[in-house]
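To start, the structure under review is shown below, and the notes come after it.
The values are calculated or read from the model by the stated rules, or taken from the named source; none is laboratory data. Quick caveat: nothing in here was measured; it's all calculated off a predicted structure. No Cβ is skipped: glycine too gets one built from the backbone with ideal geometry, and neighbour counts run over all protein chains shown.
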């Protein structure tokens, strides 16, 4: 699958990556008994397009051109938007071929069946109430033998199941085309009457019904067989016979910095986080919170690396952090241990915007090798270069006299720097800026 996360033209209001991972976990759980699993082909594709972000029936005619622009061939294209025509989602299928599944941000979570329902459509499945989409029968009298769409109505005893309704004989009759509650037995509260006058209730466990999310949990064996057949005949390039990646191993305590209950010195509110690689992980979700239970978070971000820099952490209260590893297919919640830290804010200098094209090289650098600093300056000025480790300790500092135009310096720390990540801060009267360098 290709995951398209849509925001406004200004690049705002994307659905949080944590929610998408939870929803993909739920999708794979619902498809597990059908022996079908989905995986993310590449990184999330972030799109800034207000029309796609929120569209209605009036503006929809302009949307298919956007599918053509952004779709990745050979994958199932999933779009997360704020408002897909007032619905929880839809599968756009001109000519019977899907151009994309569009899902509402508000309807997406780790418990909903919305994504699984639309994926069922993508893999050829009709509604269990097929034929009733355009009408609601009078349940106080026998249903007609055919719907207004011309679809034969399935009898309660299933005698015509092979060619009526959805055409599957292991999905019972269902005439409910609106969202509905199920009882504690998983069946509809509403009783329906078939053409012979026999009463029956709908099966809420079927994902292709319109039962509420807490009811829908499965595909029938015949539905699963139909999806496999469609995959083999129509979507042969979309699937693999085996998993593309290994299952995640035990995460345990892999957090490195900040350590537990430490005080972190920071310049300009930037905090560096890093951790060890988790077994079989290809990505990580970093969560930072002021609450030990992570009931709310002040930061969530996804990276393919084992480190991130987070800006604007200004509270004097303790922060808590953890990471959630994942890979292309295994995305269910597997968190690391939790660590806490507090911040010692050492400066509030503005960004030094009189320097441009600031570069450290080589990067990574070997222990004992000189570090070269290059930049362009708008004016003559006196600066100070300060190299700090991830604990905030200064390991080298050097005064710089800059001239207008190109400047280049050699930084020679007095000590042999151990392997790790360091930050070079360039400070002057008008502000400061930083660059990361790795000793490896």
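Take residue 438 and decide whether it is touching a residue at least 24 places away in the same chain (Cβ under 8 Å), under 28 Å from residue 275 (Cα atoms) and surrounded by 16 or more Cβ atoms within 10 Å (Cβ to Cβ). Here the answer is no, as residue 438 does not meet what is asked. Would you check if residue 243 is closer than 22 Å to residue 330 by Cβ and buried (at least 18 other Cβ atoms within 10 Å of the Cβ)? No; evaluated as a whole, the condition is false for this residue. Taken as a whole, the structure places residue 139 among residues that are closer than 20 Å to residue 180 by Cβ, without any contact (Cβ under 8 Å) to a residue 60 or more places away in the chain and out of contact with any helix residue (DSSP H, G or I) (no Cβ under 7 Å at 6 or more places or on another chain). Looking at the range 357-377, which of the residues that are under 15 Å from residue 433 (Cα atoms) and more than 38 Å from the chain's Cα centre (by Cα) is surrounded by the most Cβ atoms within 10 Å (Cβ to Cβ)? My answer is 377. Identification of strands (runs of 3 or more DSSP E) wholly contained in the range 392-440 with 3 or more residues that are within 38 Å of the chain's Cα centre (by Cα) yields 420-428, 431-439. Within the range 157-176, the set of residues being closer than 19 Å to residue 140 by Cα and either surrounded by fewer than 20 Cβ atoms within 10 Å (Cβ to Cβ) or not assigned by TED's automatic domain parsing to the domain that holds residue 132 (or both) comprises just one member, 157. Can you name the condition, by its number, that residue 354 falls short on among (1) under 37 Å from the mean Cα position of the chain (by Cα); (2) touching a residue at least 60 places away in the same chain (Cβ under 8 Å); (3) crowded, with 16+ Cβ neighbours inside 10 Å? Among (1) under 37 Å from the mean Cα position of the chain (by Cα); (2) touching a residue at least 60 places away in the same chain (Cβ under 8 Å); (3) crowded, with 16+ Cβ neighbours inside 10 Å, residue 354 violates only (1).
Among the residues examined, residue 210 qualifies as surrounded by 14 or more Cβ atoms within 10 Å (Cβ to Cβ), closer than 28 Å to residue 99 by Cα and in contact with a strand residue (DSSP E or B) (Cβ under 8 Å, 6 or more places away or on another chain). For residue 260, the criteria (1) surrounded by 15 or more Cβ atoms within 10 Å (Cβ to Cβ); (2) over 16 Å from residue 328 (Cα atoms); (3) in the same structural domain as residue 304 (by TED's automatic domain parsing) hold in every case but one, which is (1). State whether one or more residues within the range 257-269 are more than 26 Å from residue 41 (Cα to Cα), out of contact with any helix residue (DSSP H, G or I) (no Cβ under 6 Å at 6 or more places or on another chain) and at pLDDT 90 or above. Yes, the range 257-269 contains at least one residue that is more than 26 Å from residue 41 (Cα to Cα), out of contact with any helix residue (DSSP H, G or I) (no Cβ under 6 Å at 6 or more places or on another chain) and at pLDDT 90 or above. Looking at the structure I just gave you, is residue 187 free of Cβ contacts under 8 Å to residues at least 24 places away in the same chain and crowded, with 18+ Cβ neighbours inside 10 Å? So residue 187 passes the test.
Criterion applied to 301, 249 was being touching a residue at least 24 places away in the same chain (Cβ under 8 Å), part of a strand (DSSP E or B) and outside the structural domain of residue 38 (by TED's automatic domain parsing), and the one residue passing it is 301.
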